[in-house]
1. Restricting attention to region 390-411, which residues are aromatic (Phe, Trp, Tyr) and either surrounded by 11 or more Cβ atoms within 10 Å (Cβ to Cβ) or modelled with pLDDT of 80 or more (or both)?
2. Starting from region 112-127, take each residue that is over 14 Å from residue 214 (Cα atoms) and list its partners that are surrounded by 10 or more Cβ atoms within 10 Å (Cβ to Cβ), counting only C-beta distances under 6 angstrom and pairs at least six apart or across chains.
3. Has region 11-27 got any residue that is in a strand (DSSP E or B) and within 22 Å of residue 205 (Cβ to Cβ)?
4. What are the residue pairs meeting all of these: first residue in region 28-40, first residue closer than 20 Å to residue 206 by Cα, second residue among the acidic types (Asp, Glu), Cβ atoms under 6 Å, and 6 or more apart or on different chains?
5. Counting just the residues of region 412-427 that are assigned to a loop (DSSP other than H, G, I, E, B) and modelled with pLDDT of 80 or more, which one comes out surrounded by the fewest Cβ atoms within 10 Å (Cβ to Cβ)?
6. Residues to consider are 230, 216; find the one that is in contact (Cβ under 8 Å) with a residue 24 or more places away in the chain and buried (at least 20 other Cβ atoms within 10 Å of the Cβ).
7. Could you go through region 31-49 and let me know if any residue there is at pLDDT 90 or above and small (Gly, Ala, Ser).
8. So how many residues does region 37-64 have that are within 17 Å of residue 92 (Cβ to Cβ), assigned to a strand (DSSP E or B) and aliphatic (A, V, I, L, M)?
Amino acid sequence: MSQKWSVKSLVAYLKLKLDNDFLIQNINVVGELSNFKYHNNRHMYFTLKDEVSRVSCVMFATNARQVNFNPKDGMLVSLKANVSIFESSGSLQLYVTEMNEEGAGDLSARFELLKKQLNAEGLFAEQHKQGFKKFPSRIAVVSGKDSAALNDILTTLERRWPIATVNVYPSLVQGPEAHLDLISNLIKIDNQDYDAIILARGGGSIEDLWAFNEESLARVIYNLKTPIISGVGHEIDFTISDFVADLRAPTPTAAAELITPNITDVKASFKQYENSLKERMNYQLNNASQLVYTYSNMASFKHPELLTATYQKALRLNADKLQAYQSRFIENINKYKLLEKSIIASANDIINIEVNKTALLKQELYNNINLFENKLKANFSNQLQLLDSYSPINTLKRGYSIVEHNDQIIKSVKDININDEIKVALGDGHIIASVIGKEENDGKL
């Protein structure tokens with residue numbers, strides 16, 4: 001029958017084996033720091049990991065004081081350590097004696113590169129950040145199902161602002177598919193008229209939080225219409241989602257606190273408003289009561305006819321003035337009527353005079369026109385007679401004739417030759433003849 005071991009004995013045996021195995025004592029190991037933290041007494045506790053495996057490490061204060069740089073998650077380091085077992089938990093552990101920096105790890109380098117790229121594109125710019133409603137009525141929470149972060153958020157919302165409707169969208173928050181699940185929920189929420197979105201999970205190593213460092217998730221957060229607050233990790237942990245969100249909270253609880261008022265404070269404010277309103281109302285009521293009392297004791301209130309006496313006297317005076325104005329108005333109208341008649345009579349006289357003048361001028365003009373017309377006729381007759389006396393036709397009728405050759409009037413015997421054909425114009429016709437001779441006035445041929 002095989003030996004029965006107690007847990008303590010088994011762990012002690014394994015520790016003894018490891019502590020005496022020279023192959024795993026004072027060894028050099030290279031890996032990436034994760035979950036790094038200091039204990040109060042300056043011991044260092046962290047995880048050393050690579051792409052496949054991880055191991056817990058401790059470096060006690062005596063050795064830790066010899067480290068000449070500031071270790072942080074994502075650094076690639078070279079360790080000198082002994083392999084052993086921590087008996088209380090039975091876990092394998094490296095007891096580190098020396099630590100040297102090798103350079104930044106892959107995840108840390110990817111984080112810094114993406115952070116620089118998105119910041120250059122303006123995804124972190126303040127002018128793109130949306131504000132949150134002071135009194136949100138509908139809040140969506142995206143976090144791990146049944147997680148401590150989700151419980152903290154719901155507890156805080158119930159305590160601070162229980163009148164809001166809170167809907168939970170459970171999501172994967174760790175692993176290679178987590179960012180896709182987060183994206184799906186955020187897109188679904190953005191079309192449902194929420195006042196705010198809380199994106200949250202608890203702290204963890206850089207690899208645990210890596211889903212919140214994916215570029216595709218960052219771009220979806222940037223394009224959301226609904227204001228979103230990121231409460232991922234703890235106060236010292238930052239993710240790309242924190243930078244691109246409209247507001248970043250150090251913890252999930254803080255995220256719930258930052259986007260909601262405290263209902264106790266709100267009730268207290270309303271109570272103050274109520275008291276202030278009551279004081280104002282009482283003040284106004286007291287003033288009104290005092291005025292009523294004052295007016296009720298005034299003589300004019302007890303004898304209201306006094307209020308109208310002055311106005312009645314003024315009314316009578318105005319009536320008398322109006323009567324006087326009416327009399328003067330009628331008198332002026334009569335004057336204007338007499339003046340109108342006088343103007344009309346004068347105008348008619350002037351018109352008659354001008355009409356008579358116009359008639360005389362018209363007759364004189366008519367006479368002058370007839371006289372001028374007769375003169376023109378007589379002058380025309382004289383000119384016609386004179387023209388007729390010079391007319392060649394009348395000359396021909398008196399026995400004279402006109403001789404033409406080639407349509408030219410013959411004025412001299414020199415203008416014609418023997419045998420030329422001539423045309424002789426008489427008073428009653430023409431003669432066509434031929435020149436058989438010619439003789440000048442001195443008898444020359």
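1. Across region 390-411, the qualifying residue is only 400.
2. What qualifies is 124/243.
3. From region 11-27, those in a strand (DSSP E or B) are 27; that's our starting set.
Filter once more, so that each one left must be within 22 Å of residue 205 (Cβ to Cβ): none.
No, region 11-27 contains no residue that is in a strand (DSSP E or B) and within 22 Å of residue 205 (Cβ to Cβ).
4. From residues that are closer than 20 Å to residue 206 by Cα, the pairs are 31/50; 33/73; 34/73; 36/73.
5. 412
6. That would be 230, the only listed residue that is in contact (Cβ under 8 Å) with a residue 24 or more places away in the chain and buried (at least 20 other Cβ atoms within 10 Å of the Cβ).
7. Checked against the condition, which is being at pLDDT 90 or above and small (Gly, Ala, Ser), region 31-49 yields at least one hit.
8. Total satisfying the criteria: 4.
The values are calculated or read from the model by the stated rules, or taken from the named source; none is laboratory data. Please read all numbers here as calculations on a predicted model, not as lab measurements. When we count neighbours, we look across all protein chains shown, and the Cβ atoms used for this are built from the backbone with ideal geometry, even at glycine.
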